[in-house]
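Read through the structure below, which is laid out as structure tokens, and then see the notes.
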Amino acid sequence: MTSQPRPIESVCVYCGSSDGAPPELLAAAARLGETLAGEGLRLVYGGGGVGLMGACARAAHRSGGRVLGVIPKFLTSHERPLSIVETIIVESMHERKMRMFEEADAFAVLPGAIGTLEEAIELLSWRRLGLHAKPIVFYSPEDFWTPLFDLFERFTEKALVPRQFAQCWRAVTHIDDVLPALRAMPSTTFASPPPVAALI
């Protein structure tokens, strides 16, 4: 079932935490933070002060935006939370992801590595299972996420997911297109999977 997009007040940004990220990716993350602040939207992010996440959060705060970081206690020494923004310290990665999900109305997936990929896959899995209908947009400069999209297409070709799965997300190649894509995305809700017949 598809309905009109709902208002967005908070955007969760998943992205890399490496300070070794290319300057253009750090700049894009900062640009998104500035954009969210300028639009009066709250940034929800992983709570660290490093890499793309730190760039995004600093820019949002510097531009007068509201920022909420969520980070597990064991990562505070590694990802160095920012003292200038509101940060919630939780006990586990599972609690972190659930709190970020609950606090956000939409999700932007920027370039990152294993952690970012894991967050995005879980979010898509929950949507496929009918647990939410929140918009998800990948920022994919220079085809960054194309190998993942190719894998999704492989799932469809093998009839492992329905063709409608592609409606669960969008991809853009310019950072300024992330927010418009989130706002334009319809709320497609998958019905929960039917019960499996008892095996004989």
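If only residues of the range 110-121 that are of a type in the set (Val, Ile, Thr) and within 20 Å of ALA29 (Cβ to Cβ) are counted, the one that is surrounded by the most Cβ atoms within 10 Å (Cβ to Cβ) is THR116. Taking the listed residues MET98, MET93, the one that is over 22 Å from ALA29 (Cα atoms) and within 13 Å of the chain's Cα centre (by Cα) is MET98, with no other qualifying. Filtering the range 160-181 to residues that are among the polar types (S, T, N, Q) and in a helix (DSSP H, G or I) leaves GLN164, GLN167. Would a scan of the range 140-159 turn up a residue that is in contact with a Lys or Arg (Cβ under 9 Å, 6 or more places away or on another chain) and either loosely packed, with under 14 Cβ neighbours inside 10 Å or in a helix (DSSP H, G or I) (or both)? Checking the range 140-159: at least one residue is in contact with a Lys or Arg (Cβ under 9 Å, 6 or more places away or on another chain) and either loosely packed, with under 14 Cβ neighbours inside 10 Å or in a helix (DSSP H, G or I) (or both). When the range 110-134 is filtered for residues that are of a type in the set (A, V, I, L, M), part of a helix (DSSP H, G or I) and in contact with a Leu (Cβ under 9 Å, 6 or more places away or on another chain), the ones remaining, listed by number, are LEU117, ALA120, ILE121.
Taking the range 181-198 as the range and being loosely packed, with under 13 Cβ neighbours inside 10 Å and at pLDDT 90 or above as the test, only ALA184 passes.
Number of residues in the range 43-80 that are at pLDDT 95 or above and hydroxyl-bearing (Ser, Thr, Tyr): the value is 2.
Here's the yes/no breakdown for (1) within 17 Å of GLY16 (Cα to Cα); (2) under 19 Å from the mean Cα position of the chain (by Cα):
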{"site": "PRO72", "(1), (2)": "yes, yes"}
{"site": "ALA106", "(1), (2)": "no, yes"}
{"site": "ALA113", "(1), (2)": "yes, yes"}
{"site": "TRP126", "(1), (2)": "no, yes"}
{"site": "ALA133", "(1), (2)": "no, yes"}
{"site": "GLU142", "(1), (2)": "yes, yes"}
{"site": "LEU160", "(1), (2)": "no, no"}
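The values are calculated or read from the model by the stated rules, or taken from the named source; none is laboratory data. Note that the structure is predicted; figures quoted are calculated from it, not measured. Don't worry about glycine lacking a Cβ; one is built from the backbone with ideal geometry, like all the others, and counts go over all protein chains shown.
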